[in-house]
1. Within the range 1-36, how many residues are free of Cβ contacts under 8 Å to residues at least 60 places away in the same chain and assigned to a helix (DSSP H, G or I)?
2. If a residue has to be assigned to a helix (DSSP H, G or I) and either under 15 Å from PHE74 (Cα atoms) or free of Cβ contacts under 8 Å to residues at least 40 places away in the same chain (or both) to count, how many in the range 113-144 make the cut?
3. Kindly indicate which of ARG39, ARG44 is within 28 Å of GLU88 (Cα to Cα), among the charged types (D, E, K, R) and in contact (Cβ under 8 Å) with a residue 12 or more places away in the chain.
4. Across the range 51-96, what is the number of residues that are basic (Lys, Arg), crowded, with 19+ Cβ neighbours inside 10 Å and at pLDDT 75 or above?
Amino acid sequence: MLAEYLKSALATLLVTVDPPGLAPIFLSLTLGMSAQARRQVALRAALIAFGIMAAFGLVGAEVMKMLGISLPAFRIAGGLLLFWIAFEMIFQLRAERKANIAETAVTQDRIRNLAAFPLATPLMAGPGAITATILLAGRAGGSTWAMAILMAVIALVVIACYIIFLAAESFSRLLGVTGNVVLTRLLGVILAALAVQFVIDGVIAVVRP
């Protein structure tokens, strides 16, 4: 049970956050910075993103209860949202949107809050990642071990982002334009399947209370 949860959580968050897809954006945002400055931006962004996703994983369900939103309803809505993100990834719409967000952020504030916006949010801990985190926390069913696994998975995904940021220049050259496109679309297909599964779980929970 916990092994299946671990695999599901890791696949969902890795695909939703998409660390490889953030590499070229990180490069464009930190263009002209020294290696030390890039490391500082990458570390701060990773810590902020972890804090945001961990907070939603721990208290997101309680906030939903206060708002009167049931978990099945959130699963269906979250699944539809994740499916839209997958659609964007498959048809290269997400990359364009992220690039636009990054360009706007650079125009408004070049360096001062770069790690917080747009790197930590909305690029790393965006709507899709937050939704996936709350859904996975709901699937934990109150299990302390499952929640510990979720926190560990969030940490692993954030660490993966940090490592890729540090190796962004080499990684981007290694994959090339074609490699980046193929990887993004493949991850989009996987995320679409996971999103449909979330919707199915939500519908089953409503039909069979």
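The values are calculated or read from the model by the stated rules, or taken from the named source; none is laboratory data. For clarity, every value in this text was computed on a predicted model and none was experimentally measured. When we count neighbours, we look across all protein chains shown, and the Cβ atoms used for this are built from the backbone with ideal geometry, even at glycine.
1. 5
2. Of all residues in the range 113-144, those assigned to a helix (DSSP H, G or I) come to 115-124, 127-139, 144.
Checking which are either under 15 Å from PHE74 (Cα atoms) or free of Cβ contacts under 8 Å to residues at least 40 places away in the same chain (or both) leaves us with 117, 122, 127-139, 144.
Number of matching residues: 16.
3. Numbers: ARG39 fails: within 28 Å of GLU88 (Cα to Cα).
Only one candidate qualifies: ARG44.
4. Filtering the range 51-96 down to residues basic (Lys, Arg) leaves 65, 75, 94.
Filter again for crowded, with 19+ Cβ neighbours inside 10 Å, leaving 75, 94.
Now restrict to residues that are at pLDDT 75 or above: 75.
Residues meeting the conditions: 1.
Yes or no, residue by residue, for (1) modelled with pLDDT of 70 or more; (2) more than 23 Å from LEU10 (Cβ to Cβ):
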position: ASP109; (1), (2): no, yes
position: PRO118; (1), (2): yes, yes
position: THR133; (1), (2): yes, no
position: ARG139; (1), (2): yes, no
position: THR178; (1), (2): yes, yes
position: GLY188; (1), (2): yes, no
position: ALA193; (1), (2): yes, no
